[in-house]
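Right, one structure below, let's go through it.
The values are calculated or read from the model by the stated rules, or taken from the named source; none is laboratory data. Just so it is clear, the structure is predicted and the values come from calculations on it, not from any experiment. Ideal geometry is used to build each Cβ from the backbone, glycine not excepted, and the neighbour counts take in all protein chains shown.
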Amino acid sequence: MAHFPAYMHADFVAAERSDHILMTLGECDSDIVFSLLRWLGPGAELLEPEGWRAQYRRELQQMLACYDKT
């Protein structure tokens, strides 16, 4: 089981769409944030920082590449 120390210190607010929750946390380690995103699943979206979005996208593409090799 993954442990996310910053998760318990996150702030949660209702987002513009009624079925969404905006979670804000002050984590500066992208590895921890990316692990949390993978744990939260396909509905989770990293909004910022923008540079992390690009980095996370690349990591997801690398993960998908092994499934495309059929």
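Using beta carbons and a limit of 6 Å, which pairs, at least six apart or on different chains, have the first residue in the range 1-26 and under 13 Å from Leu47 (Cβ atoms) and the second one of a type outside the set (A, V, I, L, M) and at pLDDT 75 or above? What qualifies is Ile21/Phe12; Met23/Phe12; Thr24/Asp11.
Taking the residues in the range 1-33 that are surrounded by 10 or more Cβ atoms within 10 Å (Cβ to Cβ) and of a type in the set (Ser, Thr, Tyr) as candidates, determine which candidate is modelled with the lowest pLDDT. The qualifying residue modelled with the lowest pLDDT is Tyr7.
In the range 34-55, the qualifying residues are those that are free of Cβ contacts under 8 Å to residues at least 24 places away in the same chain and in a helix (DSSP H, G or I), and the one that is surrounded by the most Cβ atoms within 10 Å (Cβ to Cβ) is Leu37.
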